[in-house]
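Undergrad: One structure coming up, written as structure tokens, with questions to follow.
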Amino acid sequence: MPEESRSFQRAGMTVRVFPDAGAASRAAADRIASTIRAASPGHRAILGMATGATPQKVYSHLASLHAAGGLSFRDAVTYNLDEYYPIQPLDPKSYRCYMHRHFFSLVDLPPQQGHVLDGTVPEGFVAAHCAEFERWIEADGGLDLQLLGIGRNGHIGFNEPSELTVAEALALPTRLIELHPLTREDAAREFGGVDKVIPRALTLGVRAILSARSILMLATGAHKAEAVAAALAGQMRASLPASLLQAAGERVTWLVDEAAASGVS
Ligand code: F6R
């Protein structure tokens, strides 16, 4: 078991603090592995996946478990949180490509069981595609586990800060959104400049994220400390989407390293 420094409760959620990003990522991979192992022939493991810098170590750990013969994804089904829009699946900056690079090509997940929102759907069909994506998840029995990262502005998936009421924010469906300026700034390196970042994306809505039976929020690094501290303190607010995780209470576990936990009082 990874070495945990400490754990405590905040707003009904569990917060586990690890000495470094590697240990926190191994804990996330271990939770995903246990979810897969707990699945039965009648119930495949339905996993919500994230992209970005944070989960890369999670995927490499899962790939190592698979390579060592200890874990098969044959009976798992994955649904990714988000995708740029519009984007071609073979564009190296697409999240479909990211998943291929970091996960799909390294494990035995059957290709038809790895779902990523489609960045090529014509704009007139986007709403129908997003609604269909949610229906696929429901038809599979709902997400057993949703892996999340946190944006520096507190976004989850690409549910960006807004001025909605909490009730409205909790009900947000899967949809096309405009990226927040800070999110574009953070993506600039990947795209070779902030002006080159694709400004819109498809994202799983807050409602679908919060419906997962278990939610793992992985946050590592000092640049996440402010957003982590703010999401764990005070009331839920749409201006800080990660605070909305409080609505899922005991189904939520935060896995953070010491640097990301440094602002939590
Ligand atoms: C990615 C996603 C985003 C990221 C967040 C943190 O699928 O949904 O919410 O988790 O932007 O990104 P990194 O890990 O790159 O700091």
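Undergrad: On a C-alpha basis, how far is the centre of the stretch 210-265 from the centre of the stretch 14-78 in Å? Whole number, if you could?
TA: Measuring centre to centre over Cα atoms gives 19 Å.
Undergrad: Before anything else, pin down the relative contact order of the chain: Cα pairs under 8 Å, at least 6 apart, normalised by residue count, whole percent.
TA: This gives 25 percent for the chain.
Undergrad: Taking the chain as a Gaussian network, where each spring joins two C-alpha atoms under 10 Å apart, which residue of VAL15, VAL58, VAL194 fluctuates the most?
TA: Looking only at VAL15, VAL58, VAL194, the biggest GNM fluctuation is shown by VAL194.
Undergrad: By count of other Cβ within 10 Å, fewest leading, how are LYS196, LYS224 ordered? Write down the numbers at each step before the final one.
TA: Numbers: LYS196 12, LYS224 26.
Taking fewest neighbouring Cβ atoms as first place, the list is LYS196, LYS224.
Undergrad: Starting with the fewest neighbours, write out THR120, THR54 ranked by other beta-carbon atoms found within 10 Å of each beta-carbon. Intermediate values should be presented prior to the final figure.
TA: On the way: THR120 13, THR54 23.
Ascending Cβ contact count within 10 Å gives the list THR120, THR54.
Undergrad: Something else: Identify which of GLY149, GLY249, GLY205 has the largest mean-square fluctuation in a Gaussian network model of the chain, with springs joining Cα atoms closer than 10 Å.
TA: GLY249
Undergrad: May I ask you to sort ILE46, ILE150 by Cβ crowding, counting other Cβ atoms within 10 Å and putting the fewest first?
TA: Fewest to most other Cβ atoms nearby, the residues stand as ILE46, ILE150.
Undergrad: Another question, if that's okay. How many nm is it between the label spots at GLN56 and GLU3, if each spot is 7 Å from the Cα in line with the beta carbon?
TA: Distance between the two pseudo-spin positions: 2.4 nm.
Quick note: the coordinates plus some simple rules give every number you see, no bench work behind them. All values reported here derive from a predicted model rather than from experimental measurement. Here Cβ is always computed from backbone atoms with ideal geometry, including for glycine, and neighbour counts include all displayed protein chains.
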